[in-house]
Amino acid sequence: MESFQIRTRKNVELIEITAEVQQYLRRSGVQNGVIVLYVPHTTAAITVNENADPTVIHDIEEDLKRLVPRRQPYYRHREGNSASHFMASLLGPSVSIPFEDGRLALGTWQGIFFCEFDGPRTRRVQVEFLPAASQRL
C-alpha cells in the first residue's frame, strides 16, 4: 500500500486529488483493475464529484456547514469537533474507482476530492491497487 500527504488550509475544505491519484496509478504499471483510496482520519473523508464547475464544491462545503453546525448544545464530545466527525461519516472514508488501460474510469465531469472537516492539518491518503484477475497471474 502506498500513501501521500495533503496539507489543508481551511477548517472545511474539499481538495481535488485526481491528478495525484492518476500519477500513482501510472507509476504502478497496473493497467486494469480497481483503485481503493482510504482516509485514515475520523474527521476527514474522500468522495467523487463534479470537478468542472468549482461552484459545486463550494456549495457542498457550505451546505455541509449549514447541515451540521459547529456548535450545538447537545454535543458531548470534549474536543469540540463533533460536527467534523459527523460530516466525515456522511461522506465516508473510502472510494473504489475502476481503471482501464492505466486510466481512471471517471465520468466526464468527475474528480476525486479529499474532504477536510477539522483543518487546517496535514492528512494522509492511502492508495491500494487491486489488479484485474487477468493481471494477477
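Sub-6 Å Cβ pairs linking a first residue in the range 1-27 that is touching a residue at least 40 places away in the same chain (Cβ under 8 Å) to a second residue that is β-branched (V, I, T) and surrounded by fewer than 16 Cβ atoms within 10 Å (Cβ to Cβ), at least 6 apart or interchain, are Q5/T122; R7/T122, ordered by first then second residue. Inclusion of N11 among residues that are surrounded by 13 or more Cβ atoms within 10 Å (Cβ to Cβ) and either out of contact with any Asp or Glu (no Cβ under 9 Å at 6 or more places or on another chain) or over 15 Å from S84 (Cα atoms) (or both) is not warranted.
Among the criteria (1) exposed (fewer than 15 other Cβ atoms within 10 Å of the Cβ); (2) within 18 Å of T8 (Cα to Cα); (3) not polar (S, T, N, Q), the one I46 does not fulfil is (1). What are the pairs, 6+ residues apart or on separate chains, where a residue within the range 72-101 that is within 16 Å of I46 (Cβ to Cβ) has its Cβ under 9 Å from a residue that is among the basic types (K, R)? Qualifying pairs under 9 Å: S84/R70; M87/K65.
FYI, it's all coordinate maths here, none of it is from the lab. Everything quoted here is computed from the prediction, not taken from an experiment. Because the Cβ atoms are built from the backbone with ideal geometry, glycine has one as well, and the counts that use them run over all protein chains shown.
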